[in-house]
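The numbers here are math on the coordinates, done by the rules we state, and not lab data. Predicted model, so just to flag it, every value in this text is computed and none were measured. Counting neighbours? That spans all protein chains shown, and the Cβs are built from the backbone with ideal geometry, glycine included.
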Amino acid sequence: MPKVRLELDMRTAALLPSALPSLGLALSFSVALSLGLPAVATAQTATEVIVKLDERANLAKTQFFEYEVINEEKGRESGVMRLQVSLSGEERFTEFLAPGDMKGTRVLVKNRAQMYVYLPAYNKVRRIASHTTSGGFMGTTYSNDDMATSFYGPVYAFSMVSEDDKEWVVEGLPKEEVKVAYGKIEITISKANNLPTKIRYFNKDRVHVKTEIRSGYSCSGEVCNAESMKMTDHTRNDASTELLRRDWKVNPELPSSLFSLRNLQP
């Protein structure tokens with residue numbers, strides 16, 4: 001068999017990005033071209049994937065949602081709630097519309113460290129203590145920490161678990177300087193929209209305790225959100241809370257006063 005001589009085409013190499021990490025990558029690219037093979041895209045790191053997720057999930061400056069909330073637990077009747085959520089950056093204002101005993105309850109999230117609740121029965125605003133953020137949010141399987149987390153990158157350090165042609169699976173461990181309710185999370189991210197389809201939560205002992213499924217994504221322009229989000233708590237005999245989106249507005253006019261403590265108490 002005649003020997004095949006492969007040489008680096010310097011004109012081709014000059015067209016490549018100047019930030020090539022090594023001559024070996026340039027050589028591999030040139031060899032692929034010489035043999036008529038498609039060039040293989042450089043794999044993204046877990047950190048790069050999470051940066052894109054955070055950017056994609058927070059494209060809108062403001063958003064408004066109305067949800068029907070269904071709580072299910074074995075041995076009990078299903079409970080149904082309705083609530084409205086207004087978002088502006090990290091800030092989140094939630095008001096319960098039903099049932100009657102929860103109507104008028106309001107929750108204000110300023111950031112992951114500042115959360116407040118107004119309970120009509122007491123006619124008082126109370127701050128949610130940071131050590132209780134792992135507790136259930138108003139009787140649901142979502143924790144206060146779940147409801148307050150808008151960006152994952154600042155909270156967890158990520159590594160890649162697996163990747164195929166449709167999705168990435170990344171693992172996040174809490175950063176040392178951050179207080180968080182979980183010892184680990186694992187996020188499955190769709191390559192179609194760079195958004196989560198499943199999040200698995202682990203406690204401090206790395207035991208799998210909860211699973212969230214997000215499905216039925218739809219978009220308004222470039223902003224996309226799930227029509228259904230369902231959190232199952234495996235420590236409570238698989239009790240679950242499903243948020244079904246009934247209304248959604250992207251970039252509505254939301255006054256800054258909406259996210260103030262003064263507004264929390266009517």
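Bridging of Lys124 to lysines at a Cα separation below 20 Å is possible for Lys103, Lys110, once same-chain residues fewer than 8 apart are set aside. Summarising the label geometry, the points placed 7 Å from Cα in the beta-carbon direction at Thr45 and Ser159 lie 1.4 nm from one another. The trypsin sites (Lys or Arg not before Pro) found in region 48-100 that occupy coil by DSSP, while having at most 14 further C-beta atoms within 10 Å, are Lys61, Lys74, Arg76.
Note: relative contact order over region 146-200, using C-alpha pairs below 8 Å and six or more positions apart, is 26 percent.
Listed cross-link partners Lys61/Lys184; Lys52/Lys249; Lys74/Lys184 are compared with a 24 Å cut-off, the Cα-Cα value being larger for Lys61/Lys184; Lys74/Lys184. Near the amide H of Val161, within less than 5 Å, lie the amide hydrogens of Val169, Val170, Glu171, all on another chain or at least 5 residues away, with H placed in the peptide plane. Each of the peptides 253-259, 145-151, 191-197 was scored by the mean count of other Cβ atoms within 10 Å over its residues; in descending order, highest first, they stand as 145-151, 191-197, 253-259. How far apart, in nm, are two points set 7 Å out from the Cα along the Cα-to-Cβ line at Glu66 and at Gln114? In this crude label model, Glu66 to Gln114 measures out at 3.0 nm.
Of the residues Gly172, Gln265, Trp248, the one whose Cα sits farthest towards the positive end of the charge dipole of region 137-266 is Gln265 (charges of +1 on Lys and Arg Cβ, -1 on Asp and Glu Cβ, taken about the Cα centre).
Between Leu258 and Ser215, the modelled labels are 3.0 nm apart [label points 7 Å from Cα along Cα→Cβ].
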